[in-house]
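Participant: Handing you a structure now.
The values are calculated or read from the model by the stated rules, or taken from the named source; none is laboratory data. Keep in mind the model is a prediction, meaning the values are calculated, not measured. Reconstructed Cβ throughout: ideal geometry from the backbone, glycine too, with neighbour counts over all protein chains shown. We work out accessible area using only protein heavy atoms, side chains counted, and drop any ligands, DNA or RNA first. Shrake-Rupley method; radii C 1.70, N 1.55, O 1.52, S 1.80 Å.
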Amino acid sequence: MSFKQATKKVWDVFVHFLKTNYLMVGYIFASVLIELTGVVVTSGHFYMTSPWIYLTLIALMCLISQYLPGHKSRYAFFMCLILINFILDFVFLVIFDSTGGTIFDFAMLNLRNDAMQIIEMIPMSFTYIFVSAIVITLYGTLGFMFTKRMPQPNMAISAKITTASLMALVICINVMLSILGNLHYDSNDLRYKLYQTETGTYSHKGIVGNLFNELVRGLWFSEIDIGDLNELHDFIYKQTTEPTDYTGVAENFNVVTILCESFEWFTFLYDADTYPNGFARNADGDLSPDDIKQALRKLYPNFYRMYESESTVVLNNSHSLEKTDISENKSIIGNYPLFQYINYEYPTNTIPYSMPNVLKTLFDMESNSFHNGHRTFYNRNIHHTHALGFNSFTPAEDIYTTDNGGGLGERNLDSVMFDTCKENMFPTNRRFNTFITTITQHGQYAERENLRENYAKLDSYGLLPYDDDNEDGNTLRYYCAAGMDTDKAIGIMLDYLDEKGLADKTLITMFGDHNAYYQGISNYVKNVYFTSSANYTELYRVPVMIKVGNKKLGNPIINKFTCVSDVYPTILDLLGVTVFSNLTYGVSAFSNETSILYSRAYDRFLTDKVFFNSLSNLMYKAPDVDSAYIKQIEQTATVLLDKISHVNRIFAADYFKGEREKEFQTLLRSINENSLHNTNNAVKGAAA
């Protein structure tokens, strides 16, 4: 047989195979198009940089179809696969949209029971639904027509042997790709994150490919090597926090920490430059900037009591890129392990360095936690009283009665919680530590009957009027009306503390757990949609206000970069408490050092000048960022990753369980024997 004849024979076989497998070819195109549509609506890229796992899964399904005897069965098989692909992508697109851009990781399976409480209104991508509907309809119609026109499949034994051989090859390639793709995961050396090639979006492996890879990683590559416990011991106690000019300013104070859900500065501040689509745009055209500012003071009087008080320190450049449970934990324990959600994986671990446990060890203070949502949400009913060390946890079920309504999760009113619980939150017969998580500003945002009075107040001042043609503006209206109730709650607290003579001796910290990502409010108000936007990191700047009793501090404003990890060391610094700094990811806001944020939820590094998932993929950098700054960031991030790797081991081993907890308490008391009263005299004098 000549070369020409051999070539023709091969071509004829290929053409015959193609004519016999139009359904398979159509399936490949349909699935890839649906997948790429999902990728583009989440990442903006109509491609995958590493599609190989996804393509091997497609190839495997195609080979399985070759064992089906007829076109009708193959048609049904491929239709099911396309629908499964669509449904999987849809589910993870909903997760992505409803969580502000989180891609799936294996540990998210622990959040499955909270899923429907997180998602009140399912956000849907019109582009994805529209394109997928067309693709599925076309395949369904044309595929059915072709089932009657194609030659019968080749079911000869030789064809089955060829198919089996190819299937074995595809499976081997898939396994090899899965192993090679996960070999770099090392819980004890996380420096690879600074230099990884992954984009941290679905444009890397695709949605289905990422799902498969995360399942492989979670099942076979997520074990944490506890390693040398002596080395871990030395690392924990290697160094302690350094004093600052504000160390001990709040010595012997009560402590109140308020995590304000989705709290943003634009809730109550007018700033036409930073928030172009905030109150500056959505106000009556006859109102001047001064008119708007005066109206805001009347609508949010208690936020301004905090913001402008001479006793309040404002962290004006603080950022958060986390979900609520992670921000909450970071503010209470100062760290968070990678790869797991500790509320579920480690809910009964021993954490002697948590804020409640430190204050109990040093001062015998009682700590209590209050949350305006459901008891079991994020497993708080177990995690707070066991691992975190709170004496009690009070959820919505214990707050609301038939008289005050509520109990509906994010529709609850913070003002009702504060008014109902104020005596327990702020007891007069002992020194206390109280942690409060608000919920009224939690998304999703829609018109609410219990906020109707607030809408009327906004209308009376000509602010955020309802507009049939501006859905974003209406969403902002609902958000800010919710903020008015949180403001009312803060007023209830401040008035009660004044009334009971507690204001002079109470340290109050209010912070936003993350930006208002629900329904894209933060993007809209700040007019920031892409990493190419100027001042992109402004998207994640959130409020932190710290009121140090009634001390005359002069309302200092701190403009250095801070993040949610800095809340814990800052509070302890003000209290005059020294802790072991290798257990804290952040630093005191008053320190000369500056932290860097690594987001467990989004796998991103963040400062006010850079935003990246690896140094080879700087997604945003400010115009003034130079090589020296990048070098500094690399060094700071390396130190942070080393801390995270040790924290991984601490949690996985439940290191402090048993005698090690007593050792920690003894050493904690020892390092604080002298430092508790070593307060900067100049600051104490100025604050007197």
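Participant: Suppose we filter LEU463, LEU451 for residues that are touching a residue at least 60 places away in the same chain (Cβ under 8 Å) and either open to solvent by less than 70 Å² (accessible area, probe 1.4 Å) or more than 24 Å from HIS514 (Cα to Cα) (or both); which single one remains?
Facilitator: Matching residue, one of LEU463, LEU451: LEU463.
Participant: Looking at (1) without any contact (Cβ under 8 Å) to a residue 24 or more places away in the chain; (2) outside any helix (DSSP H, G or I); (3) polar (S, T, N, Q), can you tell me which one ASN230 breaks?
Facilitator: Evaluating ASN230 over (1) without any contact (Cβ under 8 Å) to a residue 24 or more places away in the chain; (2) outside any helix (DSSP H, G or I); (3) polar (S, T, N, Q) leaves (2) as the failure.
Participant: Further, regarding this structure: Would you mention how many residues in the range 252-273 are more than 23 Å from the chain's Cα centre (by Cα) and among the polar types (S, T, N, Q)?
Facilitator: Residues meeting the conditions: 2.
Participant: Pairs only if they're at least six apart or on different chains, beta carbon under 7 angstrom, first in the range 60-85 and touching a residue at least 12 places away in the same chain (Cβ under 8 Å) and farther than 16 Å from PHE144 by Cβ, second outside any helix (DSSP H, G or I) and open to solvent by 20 Å² or more (accessible area, probe 1.4 Å); list them, first residue then second.
Facilitator: If the second residue must be outside any helix (DSSP H, G or I) and open to solvent by 20 Å² or more (accessible area, probe 1.4 Å), the pairs left are PRO69/MET155.
Participant: Go through the range 316-346 and give me each residue that's aromatic (Phe, Trp, Tyr) and within 14 Å of VAL567 (Cβ to Cβ).
Facilitator: The answer is TYR336, and nothing else.
Participant: A follow-up question, please. Quick one: in the range 537-564, of everything that is farther than 22 Å from ASP498 by Cα and of a type in the set (S, T, N, Q), which residue is most open to solvent (accessible area, probe 1.4 Å)?
Facilitator: ASN559
Participant: Still on this structure, please answer the following. Restricting to the range 225-251, name every residue that is open to solvent by 20 Å² or more (accessible area, probe 1.4 Å), under 17 Å from LEU668 (Cα atoms) and touching a helix residue (DSSP H, G or I) at 6+ places or on another chain (Cβ under 9 Å).
Facilitator: HIS233, PHE235, TYR237, LYS238, GLN239, THR240, THR241, GLU242, PRO243, GLU251, listed by residue number.
Participant: If THR361 meets every condition in (1) open to solvent by less than 10 Å² (accessible area, probe 1.4 Å); (2) touching a Leu at 6+ places or on another chain (Cβ under 7 Å) apart from one, which number is that one?
Facilitator: (1)
Participant: Moving on. Would you be able to tell me the number of residues in the range 111-132 that are open to solvent by less than 50 Å² (accessible area, probe 1.4 Å), modelled with pLDDT of 75 or more and over 15 Å from the mean Cα position of the chain (by Cα)?
Facilitator: Qualifying residue count for the region: 4.
Participant: So which residues in the range 15-72 are among the hydroxyl-bearing types (Ser, Thr, Tyr) and either surrounded by 21 or more Cβ atoms within 10 Å (Cβ to Cβ) or under 26 Å from the mean Cα position of the chain (by Cα) (or both)?
Facilitator: TYR27, SER31, THR37, THR42, SER43, TYR47, THR49, SER50, TYR54, THR56
Participant: Right, something else. Of the residues in the range 233-252, how many are in a loop (DSSP other than H, G, I, E, B) and free of Cβ contacts under 8 Å to residues at least 12 places away in the same chain?
Facilitator: Number of matching residues: 0.
Participant: For the condition under 30 Å from ALA250 (Cβ atoms) and free of Cβ contacts under 8 Å to residues at least 40 places away in the same chain, what is the one hit in THR440, THR394?
Facilitator: When all the criteria are applied, what remains is THR394.
Participant: Also: If ASP271 passes every condition in (1) part of a loop (DSSP other than H, G, I, E, B); (2) open to solvent by less than 10 Å² (accessible area, probe 1.4 Å) but one, which one does it miss?
Facilitator: Here ASP271 meets the rest and fails (2).
Participant: Would you check if there is a residue in the range 566-575 being of a type in the set (Phe, Trp, Tyr), modelled with pLDDT of 95 or more, buried (at least 20 other Cβ atoms within 10 Å of the Cβ) and under 30 Å from MET108 (Cα atoms)?
Facilitator: yes
Participant: Right, GLY473: assigned to a helix (DSSP H, G or I), surrounded by fewer than 23 Cβ atoms within 10 Å (Cβ to Cβ) and modelled with pLDDT under 95 or not?
Facilitator: In short, no.
Participant: From the list GLY218, GLY200, GLY209, which one is in contact with a Phe, Trp or Tyr (Cβ under 8 Å, 6 or more places away or on another chain) and in a loop (DSSP other than H, G, I, E, B)?
Facilitator: Going through GLY218, GLY200, GLY209 in turn, just one is in contact with a Phe, Trp or Tyr (Cβ under 8 Å, 6 or more places away or on another chain) and in a loop (DSSP other than H, G, I, E, B): GLY200.
Participant: Follow-up question, since we're still on this one. Just give me the residues in the range 488-521 being within 29 Å of the chain's Cα centre (by Cα) and either without any contact (Cβ under 8 Å) to a residue 40 or more places away in the chain or part of a helix (DSSP H, G or I) (or both), in sequence order.
Facilitator: LYS488, ALA489, ILE490, GLY491, MET493, TYR518, GLN519, GLY520, ILE521
Participant: Of the conditions (1) without any contact (Cβ under 8 Å) to a residue 40 or more places away in the chain; (2) farther than 30 Å from THR594 by Cα; (3) surrounded by fewer than 20 Cβ atoms within 10 Å (Cβ to Cβ), TYR304 fails just one. Which one is it?
Facilitator: Here TYR304 meets the rest and fails (2).
Participant: Considering only the range 197-224, how many residues are open to solvent by 20 Å² or more (accessible area, probe 1.4 Å) and at pLDDT below 90?
Facilitator: Matching residues across the range 197-224 total 9.
Participant: Quick check: anything in the range 186-197 part of a helix (DSSP H, G or I), farther than 20 Å from LEU81 by Cα and touching a strand residue (DSSP E or B) at 6+ places or on another chain (Cβ under 8 Å)?
Facilitator: Yes, the conditions are met somewhere in the range 186-197.
Participant: Related question: Determine if the range 535-542 includes at least one residue that is over 17 Å from the mean Cα position of the chain (by Cα), modelled with pLDDT under 95 and farther than 20 Å from TYR445 by Cα.
Facilitator: yes
Participant: Follow-up question, since we're still on this one. Considering the range 311-350 alone, what residues qualify as being among the basic types (Lys, Arg) and either open to solvent by 10 Å² or more (accessible area, probe 1.4 Å) or over 14 Å from the mean Cα position of the chain (by Cα) (or both)?
Facilitator: Of everything in the range 311-350, just one residue is among the basic types (Lys, Arg) and either open to solvent by 10 Å² or more (accessible area, probe 1.4 Å) or over 14 Å from the mean Cα position of the chain (by Cα) (or both), namely LYS323.
Participant: Quick one: is THR385 in contact with a Ser or Thr (Cβ under 8 Å, 6 or more places away or on another chain), surrounded by fewer than 24 Cβ atoms within 10 Å (Cβ to Cβ) and in a loop (DSSP other than H, G, I, E, B)?
Facilitator: yes
Participant: Step by step: first the residues of the range 87-110, then only those that are over 14 Å from the mean Cα position of the chain (by Cα) and modelled with pLDDT of 85 or more, then the one that is surrounded by the fewest Cβ atoms within 10 Å (Cβ to Cβ). Which residue is that?
Facilitator: Result: ILE87.
Participant: May I pose another question? ASN379: open to solvent by 10 Å² or more (accessible area, probe 1.4 Å) and either assigned to a strand (DSSP E or B) or out of contact with any Pro (no Cβ under 6 Å at 6 or more places or on another chain) (or both), yes or no?
Facilitator: no
Participant: To continue, here is another question. Just to be sure before I move on: is SER354 touching a residue at least 12 places away in the same chain (Cβ under 8 Å), in contact with a strand residue (DSSP E or B) (Cβ under 8 Å, 6 or more places away or on another chain) and among the hydroxyl-bearing types (Ser, Thr, Tyr) in the structure I sent?
Facilitator: It is false that SER354 is touching a residue at least 12 places away in the same chain (Cβ under 8 Å), in contact with a strand residue (DSSP E or B) (Cβ under 8 Å, 6 or more places away or on another chain) and among the hydroxyl-bearing types (Ser, Thr, Tyr).
Participant: Which pairs turn up if I take residues in the range 189-203 that are without any contact (Cβ under 8 Å) to a residue 40 or more places away in the chain and look for partners that are open to solvent by 30 Å² or more (accessible area, probe 1.4 Å) with beta carbon separation below 6 Å, at least 6 apart in sequence or on another chain?
Facilitator: From the range 189-203, the pairs are TYR192/HIS184.
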